[in-house]
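Undergrad: Below: one structure in structure tokens.
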Amino acid sequence: MIKFIKHKRDTSGLTLFKLKHTNMIFVDMADGLTIHTRNEEFVITYDDQDYEEIDVNKEIKNLFSIGNTTNHKVKIQFTSKSDIEKYTIRFELSIVTIPPKFACEFSLFLNPLCTSTIDSTFVVSYLFTTSDGTSCAHHVNFKYTTKLSTRLDPDELVEEKKLGEDSFGIVFKGIFRGNIVAIKKMKNFVNSSHQMEEFENEVSMLDKLRSEFIVYFYGAVFIPSKICLVTEFAQYGS
């Protein structure tokens, strides 16, 4: 007989269910806590796919659940790395107390900021009601691969030689995915919303103007500290 999940949802959006009433597969996490994810490696993907490339610069939601197999209440909180540049991540709910023998459903919202393949972690901090007030932490791995886009991963660019400089930026010869490219780094970029909007408009225009008769436009890096444009290297000028 199949056991159906019995949810207990309150007005704050908290979804709790008894572990003994679910057919979901949970795996051990730490200290009597367990976790259920949509696929074995916690690959972030779309609802109707187990392993699929996801869109860049578009937030995606994945559900996961954490179970408490102990006889004590446990307080759960999620945190992520503070130096992330290639994606943003947030959680609903971010802080929850899970009763004994219950599980709670959470939402992970991820927005990839550039074309990339990522293997990263977020932190589950937890505190049992019987403890001395010391919080423990467990790192949960997750992965994703994006579709190709004009928002490039700066780690895929290799600078080789400075070619020139003007009032707007410095141009380098470099390599991108095995191709010889010209990398133009922007000068005096202060990361204002207006300046970023102008840069996005310029990239959009270059993307629309692709032609076999002009140098190929690969894309741009939008990370504020690494802003640059990447085009085909025109050996004899263009």
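Undergrad: Return the residue satisfying two criteria in turn: it lies in region 135-154 and is in a strand (DSSP E or B) and hydroxyl-bearing (Ser, Thr, Tyr), and of such residues it is nearest to the chain's Cα centre (by Cα).
TA: Ranking the qualifying residues of region 135-154, first place goes to Tyr144.
Undergrad: On the basis of being surrounded by 14 or more Cβ atoms within 10 Å (Cβ to Cβ), closer than 28 Å to Arg151 by Cα, out of contact with any helix residue (DSSP H, G or I) (no Cβ under 8 Å at 6 or more places or on another chain) and of a type in the set (Gly, Ala, Ser), does Ser80 make the cut?
TA: So Ser80 fits the description; yes.
Undergrad: Identify all residues within region 8-40 that are loosely packed, with under 12 Cβ neighbours inside 10 Å and of a type outside the set (Gly, Ala, Ser); write none if there are none.
TA: Within region 8-40, Arg9, Asp10, Thr11, Lys20, Asn23, Ile25, Val27, Asp28, Glu40 meet the criteria.
Undergrad: Does Ile2 satisfy the condition of being at pLDDT below 95, hydrophobic (A, V, I, L, M, F, W, C) and either outside any loop (DSSP other than H, G, I, E, B) or surrounded by fewer than 14 Cβ atoms within 10 Å (Cβ to Cβ) (or both)?
TA: Spelling it out, Ile2 is indeed at pLDDT below 95, hydrophobic (A, V, I, L, M, F, W, C) and either outside any loop (DSSP other than H, G, I, E, B) or surrounded by fewer than 14 Cβ atoms within 10 Å (Cβ to Cβ) (or both).
Per-residue answers, yes or no, for (1) touching a residue at least 12 places away in the same chain (Cβ under 8 Å); (2) surrounded by 13 or more Cβ atoms within 10 Å (Cβ to Cβ); (3) of a type in the set (A, V, I, L, M); (4) not in a loop (DSSP other than H, G, I, E, B):
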| site | (1), (2), (3), (4) |
| --- | --- |
| Ile183 | yes, yes, yes, yes |
| His194 | no, no, no, yes |
| Leu206 | yes, yes, yes, yes |
| Ser211 | no, no, no, no |
| Ala220 | yes, yes, yes, yes |
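Undergrad: Taking region 88-114, which residues are of a type outside the set (A, V, I, L, M), assigned to a loop (DSSP other than H, G, I, E, B) and in contact (Cβ under 8 Å) with a residue 40 or more places away in the chain?
TA: Answer for region 88-114, where residues must be of a type outside the set (A, V, I, L, M), assigned to a loop (DSSP other than H, G, I, E, B) and in contact (Cβ under 8 Å) with a residue 40 or more places away in the chain: Pro99, Lys101, Cys114.
Residue-wise test of (1) assigned by the TED database to the domain that holds Val96; (2) of a type outside the set (A, V, I, L, M, F, W, C); (3) outside any helix (DSSP H, G or I).
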{"site": "Gly133", "(1), (2), (3)": "yes, yes, yes"}
{"site": "Val158", "(1), (2), (3)": "no, no, yes"}
{"site": "Ser167", "(1), (2), (3)": "no, yes, yes"}
{"site": "Val171", "(1), (2), (3)": "no, no, yes"}
{"site": "Ile180", "(1), (2), (3)": "no, no, yes"}
{"site": "Phe199", "(1), (2), (3)": "no, no, no"}
{"site": "Glu202", "(1), (2), (3)": "no, yes, no"}
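Undergrad: For region 61-87, what are the residues that are under 15 Å from Pro112 (Cα atoms) and assigned to a strand (DSSP E or B)?
TA: Listed by number, the residues that qualify are Lys61, Asn62, Tyr87.
Undergrad: Considering each residue of region 170-201, count those that are more than 14 Å from Ala234 (Cα to Cα) and either in contact with a Leu (Cβ under 8 Å, 6 or more places away or on another chain) or hydrophobic (A, V, I, L, M, F, W, C) (or both), and give that number.
TA: The number of residues fulfilling the criteria is 7.
Undergrad: Going through region 136-159 one residue at a time, which ones are in contact (Cβ under 8 Å) with a residue 40 or more places away in the chain and under 26 Å from Asn71 (Cα atoms)?
TA: Cys136, His138, Val140, listed by residue number.
Undergrad: Here is a list of conditions, (1) in a loop (DSSP other than H, G, I, E, B); (2) of a type in the set (A, V, I, L, M); (3) surrounded by 12 or more Cβ atoms within 10 Å (Cβ to Cβ), and Val190 meets all of them except one; can you say which number that is?
TA: (3)
Undergrad: Check Val74, Val43 and return the single one that is touching a residue at least 24 places away in the same chain (Cβ under 8 Å) and within 19 Å of the chain's Cα centre (by Cα).
TA: Val43
The values are calculated or read from the model by the stated rules, or taken from the named source; none is laboratory data. Since the structure is predicted, the reported quantities are computational estimates derived from the model, not experimental observations. Positions of Cβ are generated from backbone atoms using ideal geometry, with glycine treated the same way; all protein chains shown enter the neighbour counts.
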